[in-house]
Every structure is written in C-alpha cells, then in structure tokens.
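Worksheet: one structure, shown below.
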Amino acid sequence: MAKSKIIDVNEEIKKLVATPKAIVGTQKTLKGLRAGKVAKVFLAKNVKETTRSDVEKYSGIAGVEIVRLELGNDELGTICKKPFSISVLGESK
C-alpha cells in the first residue's frame, strides 16, 4: 500500500512539472510561501534541516500542505527532468 502511494506522488510530481505551476527550488518556493502564492510543497527526504524548518515555518503560517517525500534530492531532480538535485518543489495556486 505504501508503495502505491509513492508511485502516486511520483506521478503527481511529473504532472506538476509539465505545467507552469511548478516552482523549482528552495528560494523561489520560500518567496512564494511568504507571498501566499503556494498551494503545496514537496520536500526531499535529505533536505537540509535549516531549509526544512524554514519551509515548515512559512507553510504553517500560510496553511500550506507539506508532502515529505521518500525520495532524495537527486531522485527528485531526475523525476523533474532536471540535470541537478532538487530539495524543494512547490505548486503555485
């Protein structure tokens, strides 16, 4: 059952990246959270602790859902078809 949920999240990320709603990267996602323009945040399992706490803080203030992934940042970068690691991925409203 847990495996199917992981697959579902991977598919959700792939669909998101194919749209202009994807916000790739920590700085852009945090800026969007502070501006109230983010609907959901995906965090890689090996995101830096300082980044995790910042995202949790601003997501909590904005009431935004955080999805903690079982993927590392290198795997998230691969799913997003980027040649670099991604620790934070946001979905704009």
### Task
For residue 15, work out the one condition from (1) assigned to a loop (DSSP other than H, G, I, E, B); (2) surrounded by fewer than 14 Cβ atoms within 10 Å (Cβ to Cβ) it doesn't fulfil.
(1)
### Query
Mind checking which residues of segment 28-58 are assigned to a helix (DSSP H, G or I) and touching a Lys or Arg at 6+ places or on another chain (Cβ under 8 Å)?
58
### In segment 64-93, residue surrounded by the most Cβ atoms within 10 Å (Cβ to Cβ) [restricted to those that are closer than 14 Å to residue 23 by Cβ and basic (Lys, Arg)]
82
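To keep it simple, each residue is scored yes or no on (1) of a type outside the set (D, E, K, R); (2) modelled with pLDDT of 95 or more.
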position: 3; (1), (2): no, no
position: 6; (1), (2): yes, no
position: 11; (1), (2): no, no
position: 14; (1), (2): no, no
position: 23; (1), (2): yes, yes
position: 43; (1), (2): yes, yes
position: 50; (1), (2): yes, yes
position: 61; (1), (2): yes, no
position: 81; (1), (2): no, no
### Query
Condition test on residue 89, is it at pLDDT 95 or above and either in a loop (DSSP other than H, G, I, E, B) or in contact with a helix residue (DSSP H, G or I) (Cβ under 7 Å, 6 or more places away or on another chain) (or both)?
yes
### Message
For segment 32-48, give me each residue that is surrounded by fewer than 17 Cβ atoms within 10 Å (Cβ to Cβ) and basic (Lys, Arg).
### Response
34, 37, 45, 48
### Positions within segment 54-88 being of a type in the set (S, T, N, Q) and in contact with a strand residue (DSSP E or B) (Cβ under 6 Å, 6 or more places away or on another chain), in sequence order
59
### Message
Kindly evaluate residue 61 against the criterion of being part of a helix (DSSP H, G or I), surrounded by fewer than 20 Cβ atoms within 10 Å (Cβ to Cβ) and either among the hydrophobic types (A, V, I, L, M, F, W, C) or within 10 Å of the chain's Cα centre (by Cα) (or both).
### Response
yes
### Query
Can you tell me which of 29, 51 is in contact (Cβ under 8 Å) with a residue 40 or more places away in the chain, surrounded by 15 or more Cβ atoms within 10 Å (Cβ to Cβ) and in contact with a strand residue (DSSP E or B) (Cβ under 9 Å, 6 or more places away or on another chain)?
29
### Task
Answer with yes or no whether residue 78 is in a helix (DSSP H, G or I), under 11 Å from the mean Cα position of the chain (by Cα) and of a type outside the set (A, V, I, L, M).
no
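The values are calculated or read from the model by the stated rules, or taken from the named source; none is laboratory data. Note that the structure is a prediction, hence the values are computed from the model and not measured. Ideal geometry is used to build each Cβ from the backbone, glycine not excepted, and the neighbour counts take in all protein chains shown.
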